[in-house]
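See structure below.
The values are calculated or read from the model by the stated rules, or taken from the named source; none is laboratory data. Since this is a predicted model, take the numbers as computed values, not measurements. Glycine gets a Cβ as well: all are built from the backbone with ideal geometry, and neighbour counts include every protein chain shown.
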Amino acid sequence: MRRFLGYISLALTFSLVLYALDGLSLKKFLDAKLEIEQTCSSYPVICRGFFCILYVIIVSASIPLATILSIFSGILFGVFQGTLLSTLSATFGALFSFILVRYFLKSFLHNQRTASFDAFQKMFIKNGIFYLFAIRMIPAFPFYLVNIFMAFTPIKLVPYSIVTLIGITPMTIIYVYFGSQINKINHIAEILSPKILIIFCLIGLTPLILRYVFNYFFRK
């Protein structure tokens, strides 16, 4: 519930801050967006390729910006292409991070084990791949930490990649759709539109609902 209230508070704060401005910031944003869209229209393959490479590098380097990039993909490429590019890029980035830790950094990071890692490992041993699927859908652990923790389990690359791709898709769709709606904003008042507020509610409620569902199955 605190996560949900946090998202609602963030939405209201974000909206009030924008209302406090005189609209110049929105105008600058729209001008910059238009310029980027024109560039993407002129060089579609290059722009999409650059976006994917940037996304993969950021996820591989364990930089927590995947959500922001997913939102931007909705702004630049729309729901379908944005979701496709974001989910594939995030999956490849997670795979590269997994490989890097398992084959190059495992011995070093093994000495840095924490209580969170021990709890994660116990739950994975108990519930197997289903646990990976659950935490990919629910941000109980940061995305980059899951990539690192999974490198210490016996899971193989193919099931890890497939479960990651499937698990991150629902929330990615919501983030990308949110970006696509931001792309339609032409006036400050539209920030507080019902559709935008509903999306904020979905972002907050979806992980909360899924957490209760998965906790029910884990307790059985």
For Leu105: the one exception among (1) surrounded by fewer than 19 Cβ atoms within 10 Å (Cβ to Cβ); (2) at pLDDT 90 or above; (3) within 30 Å of Thr153 (Cα to Cα): (2)
Residue that is surrounded by the fewest Cβ atoms within 10 Å (Cβ to Cβ) [pool: residues in the stretch 72-88 that are closer than 12 Å to Cys52 by Cα and of a type outside the set (A, V, I, L, M, F, W, C)]: Gln81
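Here is a check on your reading of the model: is Pro159 over 21 Å from Ala61 (Cα atoms), in a helix (DSSP H, G or I) and modelled with pLDDT of 90 or more? Let's see the steps before the verdict.
On the way: over 21 Å from Ala61 (Cα atoms): yes; in a helix (DSSP H, G or I): yes; modelled with pLDDT of 90 or more: yes.
So Pro159 passes the test.
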Residue match in the stretch 47-65 (condition: small (Gly, Ala, Ser), at pLDDT 60 or above, over 26 Å from Ile148 (Cβ atoms) and surrounded by fewer than 14 Cβ atoms within 10 Å (Cβ to Cβ)): yes
Pairs, first touching a residue at least 24 places away in the same chain (Cβ under 8 Å) in the stretch 58-73, second basic (Lys, Arg) and surrounded by fewer than 22 Cβ atoms within 10 Å (Cβ to Cβ), C-beta under 8 Å, six or more apart: none
